[in-house]
Amino acid sequence: MISNIPTHEDFYKTGKELLVFSWDIVAKLLLNLDDAEYFGVDPEEVSEEYWSLASRQINTALAITQQGIEFLLKGRICEISPYLLISDTPSKWPSPYDYESIEFSKFRTLDAQDLIRVLDTFSDQKLDVSFVQKFNDLREKRNVIMHSLSTSLDVQFSEVIESLLYMHSTLFPSESWAKIRKEGLSNHPNSELGSSDFISNEICRELSIIIDLLTPAQAKKYFKIDKGRRAYFCPECHYEANHDVDFEFKLARLTSRDVSCSSLYCPVCDSVYEVSRNDCSEDKEVCPGNVISDTYSICLTCGH
Ligand SMILES: [Zn+2]
Ligand SMILES: [Zn+2]
């Protein structure tokens, strides 16, 4: 008999943790670059040394993304049967005669390049061709980034972000990445050191910068927002945010162009909030806003 058989939840949990870790690397670089810009550094003119160091980090992030996806694929296989993960012929398995039970971890498990084939063989539904292509591209991409002399930081950052968002949404179409990322921040050891007060600030700032890098189609696909539409504060994110520091991140959008539209979607919360369409109590010249949260008594245009 076999003991300590992993569950698909184990694999999904670890896989998503790795994706969050990878995202964290890229987000930190982007945030620091944004800070630098704020303090007067022109991002087009950062030193070659910065670029070479950043490339190494982006590569690490890509490697971690790839590993995360491998765990998620193993989880998928595990849902069919964990025993499918065992590779090698029975003659090479640990002997069943030496111990009462064999630890699952004693078995050699599938190599990364076989995961998709196994999954496509046993699953009801084959993986999307473009998913397989992207998965195989990841390793190649790492080489390209490592050896490219591109000075466009955005392109390189986008590689990690896009791959990660695309693969996560393909494997878990009903899950919101922003929510997972937010949970990742809440579960970060730093949250025990007091950073939990700033989670709303952090996630909103990070997503503002990242959504800026995405095309409108990507923003729609991964964060369900229309970048072309006017942005508002999310009442919940604004409420949760720490206002000892500036909070200026507007990510929520009304769900339709209708002038009487009273639902507002926030990609960070992945929730729709009821709003009323009344004029802001501020002077019209100060704030022409007319999207108000009655629950939090706040104008979602100026925050008043
Ligand atoms: Zn929100
Ligand atoms: Zn206002």
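No lab work stands behind these numbers, since they all come straight from the coordinates. Predicted, not measured: the structure shown is a model, and the values here were computed from it. Counting neighbours? That spans all protein chains shown, and the Cβs are built from the backbone with ideal geometry, glycine included.
Here are the numbers for this structure:
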read-out: Nonlocal amide H pairs with Ala252, under 5 Å, H built at 1.01 Å; value: Tyr232, Cys234
read-out: Contour excess over end-to-end distance, with Cα ends at Arg230 and Trp93 and 0.36 nm allotted per residue; value: 43.3 nm
read-out: Radius 12 Å from Cβ of Ile69, net charge of other residues (Lys, Arg +1; Asp, Glu -1); value: +3
read-out: Exposure proxy order (Cβ contacts within 10 Å, fewest to most) of Ile102, Ile210, Ile199; value: Ile102, Ile199, Ile210
read-out: Over region 222-304: Kirkwood hydrodynamic radius from C-alpha pairwise inverse distances, Å; value: 12.9
read-out: Burial ordering of Ile292, Ile298, fewest other beta-carbon atoms within 10 Å first; value: Ile298, Ile292
read-out: Free-standing Cys residues across the chain, given no other cysteine C-beta under 4.7 angstrom; value: Cys78, Cys204, Cys261
read-out: Charge tally in the Cβ shell below 9 Å around Gly15, where Lys, Arg are +1 and Asp, Glu are -1, Gly15 excluded; value: +1
read-out: Relative counts (whole %) of C-alpha pair distances in the chain, using bins that are 20 Å wide; value: 28, 50, 20, 2, 0
read-out: Cα centroid separation, region 175-224 to region 1-30 (Å); value: 17
read-out: Farthest toward positive dipole pole in the chain [+1 Lys/Arg, -1 Asp/Glu at C-beta], among Val286, Ile5, Pro189; value: Ile5
read-out: Nonlocal amide H pairs with Ile102, under 5 Å, H built at 1.01 Å; value: Ile2, Ser3
read-out: Net length gained if the chain between Val132 and Ile2 were fully extended (0.36 nm per residue, minus Cα distance); value: 43.6 nm
read-out: Cross-link table Lys13/Lys224; Lys28/Lys221; Lys92/Lys126; Lys179/Lys284, entries beyond 28 Å C-alpha to C-alpha; value: Lys92/Lys126; Lys179/Lys284
read-out: Ranked list, fewest to most other Cβ atoms within 10 Å of each Cβ, for Met1, Met167; value: Met1, Met167
read-out: Distance between modelled label sites at Val259 and Thr121, nm, 7 Å Cα→Cβ extension; value: 6.4
read-out: Antiparallel DSSP beta bridges within the chain, percent to nearest 5; value: 85
read-out: Sites Glu44 and Glu162 - FRET efficiency at Förster radius 25 Å, r taken between beta-carbons, to 0.05; value: 0.70
read-out: Helix-only [θ]222 nm of the chain, DSSP H runs n ≥ 4, -39500 (n - 2.57) each, per residue, nearest 500; value: -16500 deg cm²/dmol
read-out: Computed magnitude of the charge dipole of region 2-175 (debye, nearest 20; Cβ of K, R +1, Cβ of D, E -1); value: 760
